[in-house]
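Encoded as structure tokens, the structure appears first; notes follow it.
Just so you know, all these numbers are worked out from the coordinates, no wet-lab data involved. Just so it is clear, the structure is predicted and the values come from calculations on it, not from any experiment. No Cβ is skipped: glycine too gets one built from the backbone with ideal geometry, and neighbour counts run over all protein chains shown.
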Amino acid sequence: MLELEIYRAHARYNRWMNEKLLAACALLSDEERRRDLGAPFGSIHGLWNHILLADRGWLSRFAGEPFPFQSLDEEICADFAPLRQERAQTDDAIDQFVAGLTPERLEAPLTFVSLSIPRRRSLPLYVAVSHLFNHQTHHRGQITALLEQLGGDCGVTDLAALPELEILID
């Protein structure tokens, strides 16, 4: 079914972009990654932590398991190397989650309480999964802008540039 393949493509893109962008961020000093540049969550490091926290929060909701956190800016990893490792492990978990999706599951409701809207809510799972990927892309765009302000570059960020999506004609 097409929507399942779309989510698989988003998961592959997510991993690809995380790896590319984290590699580019690794070329910065720790001071540069932590510099408050007036962005949401302050810095590149703060944004990476937020994305990781949010992804784990959504994965726990998808699994029906608690993920206790009190704030959207909690720091999961104080150092960059462990953050990269935790990001890779979370991308593995996203891949496993997406591999288990079915059309029926995507249509089923997901009920949860959000930190940003603190009341019980229910959404079709496909909306929440789409939000997971959209949220990552949004904040990676912010990281990309901050990286470029600091003189870095992660290259092309377009979904259409994901190598395995291209259909070879010749």
Quiz prompt | Helix-only mean residue ellipticity at 222 nm for the chain, each DSSP H run of n ≥ 4 adding -39500 (n - 2.57), per residue, nearest 500 | solution = -19500 deg cm²/dmol
Exercise. Take the alpha carbon gyration tensor of segment 1-89, find the square roots of its eigenvalues, order them as a ≥ b ≥ c, and report rounded if a/c is under 1.5; if not, report prolate when a/b exceeds b/c, else oblate.
Key: oblate
Quiz item: Which order, highest average first, do 122-134, 46-58 follow once you tally other Cβ atoms within 10 Å for each residue and take the mean per peptide?
Solution: 46-58, 122-134
Self-check item: Relative contact order (percent, whole number), the chain, Cα cutoff 8 Å, 6+ residue spacing
Solution: 31
Quiz item: Once segment 2-165 is represented by equal point scatterers at the alpha-carbon sites, with solvent omitted, what log10 I(q)/I(0) does the Debye formula produce at q = 0.18, 0.21 Å⁻¹?
Solution: -1.17, -1.47
Exercise. Please work out whether segment 89-170 counts as rounded, prolate or oblate from its C-alpha gyration tensor, where a ≥ b ≥ c are the square roots of the eigenvalues and a/c under 1.5 means rounded, while otherwise a/b larger than b/c means prolate and anything else oblate?
Key: oblate
Quiz item: Helices from the chain with mean Kyte-Doolittle at least 1.0 and a Cα length along the axis of 27 Å or more, per DSSP H: which?
Solution: none
